[in-house]
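Enquirer: Next up is a structure, given as structure tokens.
The values are calculated or read from the model by the stated rules, or taken from the named source; none is laboratory data. Everything numeric here is computed off the predicted structure, so don't read it as measured data. With ideal geometry, Cβ positions are generated from the backbone for all residues, glycine too; neighbour counts draw on all protein chains shown. Note: accessible area is taken over every heavy atom of the protein model, side chains too, but ligands, DNA and RNA are not part of it. Shrake-Rupley method; radii C 1.70, N 1.55, O 1.52, S 1.80 Å.
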Amino acid sequence: MHIAEGFLPVTHAVGWTLAAAPFVVHGARRVVVEVRERPESTLLLGAAGAFTFVLSAVKLPSFTGSSSHPTGTGAGAVLFRPPVMALLGTVVLLFQALLLAHGGLTTLGANAFAFAVVGPWAGYGAYRFTRRLGGGLLAGVFAAMVLADLATYVTTATQLALALPDAETGVAGALVKFLAVFALTQVPLALGEGLLGVLLFRALTANARPELERLGLLAPAPEPAR
């Protein structure tokens, strides 16, 4: 997920930056609207960003040029929708590149596209699909966290395969190899992340239920009978 500094060809780095940029700009506008119209969301918005930063800072080496991490973007996507996470996720990646040497500035666009764009949208789609099937909030959150994580790494593997095609089997062969290597660490990480998301939203339900009701994630609690 954190493709290393200078690991992508210049044309790929520029292309992925251009692909990610409109989502990040739109996300910045959505954050401004959210804070202006619902200033009480500021604390929870910051908590979503901090949760993503801390969780995605856990680093497990996968192969030269990248590494495996939890992502944490599914939680923010459920709370505030994917456009907001396009900005928050990119800010997280920027600080990690500058402070932790996770990823880099030349690969920020590629990492942002996988982590802050594709991951949140996949996670939110999984959440909505689970809820439409009759699943509760926690089931939806579990699906969102797992799919956001896995979609991020499928995208990263695709980016690496396009940049480093196999000499004999081309992009398809490289993609299979990258996915196979990532799967060793990423599948159990994704499932663990799903369980962590369930614990997080249980805590939010107990301690921040009014905020979840205002965001439309929980139905208002019935008033006590008089």
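Enquirer: Confirm whether ALA57 is touching a His at 6+ places or on another chain (Cβ under 9 Å), aliphatic (A, V, I, L, M) and either farther than 22 Å from VAL181 by Cβ or buried (at least 17 other Cβ atoms within 10 Å of the Cβ) (or both). Walk me through how you get there before you give the answer.
Expert: Working: touching a His at 6+ places or on another chain (Cβ under 9 Å): yes; aliphatic (A, V, I, L, M): yes; either farther than 22 Å from VAL181 by Cβ or buried (at least 17 other Cβ atoms within 10 Å of the Cβ) (or both): yes.
Yes, satisfied.
Enquirer: Considering each residue of segment 110-121, count those that are over 9 Å from the mean Cα position of the chain (by Cα) and either open to solvent by 20 Å² or more (accessible area, probe 1.4 Å) or polar (S, T, N, Q) (or both), and give that number.
Expert: Residues flagged as over 9 Å from the mean Cα position of the chain (by Cα) and either open to solvent by 20 Å² or more (accessible area, probe 1.4 Å) or polar (S, T, N, Q) (or both) within segment 110-121 amount to 2.
Enquirer: What number of residues within segment 76-104 satisfy the criterion of being among the aliphatic types (A, V, I, L, M) and touching a helix residue (DSSP H, G or I) at 6+ places or on another chain (Cβ under 6 Å)? Walk me through how you get there before you give the answer.
Expert: Residues of segment 76-104 that are among the aliphatic types (A, V, I, L, M), as a first pass: 77-79, 84-88, 91-94, 97-101.
Filter again for touching a helix residue (DSSP H, G or I) at 6+ places or on another chain (Cβ under 6 Å), leaving 77-79, 84-88, 92-93.
Final tally of qualifying residues: 10.
Enquirer: Got a sec? Which of ALA174, ALA157, ALA144 is touching an Asp or Glu at 6+ places or on another chain (Cβ under 7 Å), part of a helix (DSSP H, G or I), of a type in the set (A, V, I, L, M) and open to solvent by less than 10 Å² (accessible area, probe 1.4 Å)? Step through it out loud before you land on a result.
Expert: Working: ALA157 fails: touching an Asp or Glu at 6+ places or on another chain (Cβ under 7 Å); ALA144 fails: touching an Asp or Glu at 6+ places or on another chain (Cβ under 7 Å).
Going through ALA174, ALA157, ALA144 in turn, the sole match is ALA174.
Enquirer: Quick one: LEU189 ticks every box in (1) surrounded by fewer than 24 Cβ atoms within 10 Å (Cβ to Cβ); (2) free of Cβ contacts under 8 Å to residues at least 40 places away in the same chain; (3) of a type outside the set (D, E, K, R) bar one, so which box is it?
Expert: Failed condition: (2).
Enquirer: Hey, another quick one. Can you find a residue in segment 75-85 that is touching a residue at least 24 places away in the same chain (Cβ under 8 Å) and either in contact with a His (Cβ under 8 Å, 6 or more places away or on another chain) or open to solvent by 60 Å² or more (accessible area, probe 1.4 Å) (or both)? Spell out how you get there, then give the answer.
Expert: Filtering segment 75-85 for residues touching a residue at least 24 places away in the same chain (Cβ under 8 Å) gives 75-85.
Checking which are either in contact with a His (Cβ under 8 Å, 6 or more places away or on another chain) or open to solvent by 60 Å² or more (accessible area, probe 1.4 Å) (or both) leaves us with 81, 83.
So far as segment 75-85 goes, yes, one or more of its residues are touching a residue at least 24 places away in the same chain (Cβ under 8 Å) and either in contact with a His (Cβ under 8 Å, 6 or more places away or on another chain) or open to solvent by 60 Å² or more (accessible area, probe 1.4 Å) (or both).
Enquirer: A further question follows. Conditions first: (1) more than 24 Å from ARG214 (Cα to Cα); (2) surrounded by 24 or more Cβ atoms within 10 Å (Cβ to Cβ); (3) over 11 Å from the mean Cα position of the chain (by Cα). VAL92 passes all but one, so which condition is the exception?
Expert: Evaluating VAL92 over (1) more than 24 Å from ARG214 (Cα to Cα); (2) surrounded by 24 or more Cβ atoms within 10 Å (Cβ to Cβ); (3) over 11 Å from the mean Cα position of the chain (by Cα) leaves (3) as the failure.
Enquirer: Filter segment 210-226 down to residues that are modelled with pLDDT under 65 and either closer than 19 Å to ARG128 by Cα or of a type in the set (D, E, K, R) (or both), then give me how many there are.
Expert: So the count comes out to 2.
To keep it simple, each residue is scored yes or no on (1) at pLDDT 95 or above; (2) closer than 28 Å to VAL187 by Cβ; (3) part of a loop (DSSP other than H, G, I, E, B).
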position: LEU18; (1), (2), (3): yes, no, no
position: PHE23; (1), (2), (3): yes, yes, no
position: SER41; (1), (2), (3): no, no, no
position: ALA50; (1), (2), (3): no, yes, no
position: ALA77; (1), (2), (3): yes, yes, no
position: ALA97; (1), (2), (3): no, yes, no
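Enquirer: So, GLY134, is that one of a type outside the set (Phe, Trp, Tyr), open to solvent by less than 10 Å² (accessible area, probe 1.4 Å) and not in a helix (DSSP H, G or I) or not?
Expert: On the way: of a type outside the set (Phe, Trp, Tyr): yes; open to solvent by less than 10 Å² (accessible area, probe 1.4 Å): no; not in a helix (DSSP H, G or I): yes.
No.
Enquirer: A further question follows. With respect to the numbered conditions (1) under 17 Å from ALA4 (Cβ atoms); (2) outside any helix (DSSP H, G or I), which one is the sole condition not fulfilled by THR71?
Expert: For THR71, the failing item is (1).
Enquirer: Also: Pairs only if they're at least six apart or on different chains, beta carbon under 8 angstrom, first in segment 38-60 and closer than 22 Å to HIS2 by Cβ, second part of a helix (DSSP H, G or I) and open to solvent by 70 Å² or more (accessible area, probe 1.4 Å); list them, first residue then second.
Expert: These pairs meet every condition: PHE53/PHE95.
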